[in-house]
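Here the structure comes first, spelled out in structure tokens, and everything after it is commentary.
Every number in this text was worked out from the coordinates using simple rules, so none of it is lab data. Just so it is clear, the structure is predicted and the values come from calculations on it, not from any experiment. Virtual Cβ from ideal backbone geometry, glycine too; neighbours counted across all protein chains shown.
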Amino acid sequence: MKGGLSESQQKVLHWLEQNKHWIVTRDEIASFLSCSEKEAHSICLGLALGKRFATLGHDQYLLLTSLTQEPLPPIHPLIIGSYLVTPYYFSYQTATAYHGLSPPTTEPVYIVTTQVRAHADIRGISYRIIRVHPRKFYGYEPVRINGVDVHMADKEKAMVDCLEKTKYAGGLTEVFRLLKKNINTLDVQRLVDYTVLMGTSSLIQRLGYLLDQLNVSFDEEFLQSYSLSVPTPLDPSRTYEGRSKRDEKWNLMINVPETLFEEDA
């Protein structure tokens, strides 16, 4: 044993470093060592418990520390995130920042999936895994990050996702400011179509009201035809207040300061 590592673990680390193979699967280790999958799994588990490996998804692992404790080369967080769960796409603040709709940010990295997966912290970056219903899993495209294709929400889906789950985008006030700032670069019809596909009446009401505040032309009748006549708060994070003004057209309780919609706000 060297540094608490078994001979097999040392061999694996040396092999990965020599070949600059920073992400590895259990099957690749089993093949390299000519051992069973069970033995390879045990080796990977030991390296993960010893903080040498980070567990990704589908029996894949990321090398965290070298055999000699030398610093390892950086890997883009979105590349690491692409290994955590399948299917996936990046959205919320991660996607709005990528598309230049919001200021640049490195973390947390927001990942949308239809599967159950715990959040992760890897190489100092927080990965937030957001599970959604399969009907809401659409509107993404491949983008190239350091030579690797990853799945990214397009601009309109990123905004719709943010409007549905405002807490992952800095709150409704921030989402409205992003919408207002970038409305001329967004496909409004696609925003409407994506919102209808989400199948959430409160989201439909919210988008309709905000587009009205921006004096944007859109198919109001089409959007309203998918809305239920159920009163809902404009800002889902705020508690309902009896004094909130009601918007009859979209059946919303306007529980945000009216100054939000002023011209220079």
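Using the Cα gyration tensor of the range 54-197, with a ≥ b ≥ c the square roots of its eigenvalues, what is the shape: rounded (a/c below 1.5), prolate (a/b larger than b/c) or oblate (neither)? Since a/c reaches 1.5 and a/b is larger than b/c, the shape of the range 54-197 is classed as prolate.
Taking the number of Cβ atoms within 10 Å of each Cβ as an exposure proxy, the fewest-first ranking of Thr65, Thr195, Thr232 is Thr65, Thr232, Thr195.
Quick one: order Ile80, Ile23 by neighbouring beta-carbon count within 10 Å, fewest to most. Before the final figure, lay out the partial values.
On the way: Ile80 21, Ile23 16.
Going from least to most buried by this count: Ile23, Ile80.
Net charge of the neighbourhood of Lys165, taken over other residues with C-beta under 12 Å away and scored Lys/Arg +1, Asp/Glu -1, is +3. Output the 0 to 90 degree angle, nearest 10, between the alpha-carbon long axis of helix 37-49 and the longest principal axis computed from the alpha carbons of the chain. The angle comes out near 70 degrees. The label point for Ile23 and the one for Asp193, both projected 7 Å from the Cα toward the Cβ, are 3.1 nm apart. A Förster distance of 41 Å, applied to the separation of the beta-carbon atoms of Phe261 and Ser66, puts the FRET efficiency at 0.15. Taking the C-alpha atoms only, the angle from helix 188-198 to the longest principal axis of the chain is near 70 degrees.
Using a cutoff of 8 angstrom between alpha carbon atoms and counting only pairs six or more residues apart, the relative contact order for the range 7-63 works out to 36 percent. For the chain, the longest principal axis of the alpha carbon atoms and the long axis of helix 7-18 meet at an angle near 60°.
Considering only beta bridges that DSSP places wholly inside the range 78-227, some 65 percent are antiparallel. Both the radius of gyration and Dmax for the chain are 23.0, 73 Å, in that order, over alpha-carbon atoms. Placing a label point 7 Å from the Cα of Ser6 along the Cα-to-Cβ direction, the residues of the range 34-68 whose backbone N falls under 14 Å from that point are 34-50.
Estimated at 0.36 nm per residue, the fully extended path between Leu45 and Arg246 surpasses their Cα-Cα distance by 66.8 nm. A rounded overall shape is assigned to the range 7-63, the ratio a/c of its alpha-carbon gyration tensor axes (a ≥ b ≥ c) being less than 1.5. The range 28-74 and the range 112-158 have Cα centres lying 24 Å from one another. Between the listed residues Ser8, Phe53, Val24, the Cα displaced farthest toward the positive end of the dipole of the range 7-63, a dipole computed from Cβ unit charges relative to the Cα centre, is found at Phe53. Secondary structure note: in the chain, about 70% of the DSSP beta bridges are antiparallel.
By the count of neighbouring beta-carbon atoms within 10 Å, fewest first, Val112, Val216 end up ordered Val216, Val112.
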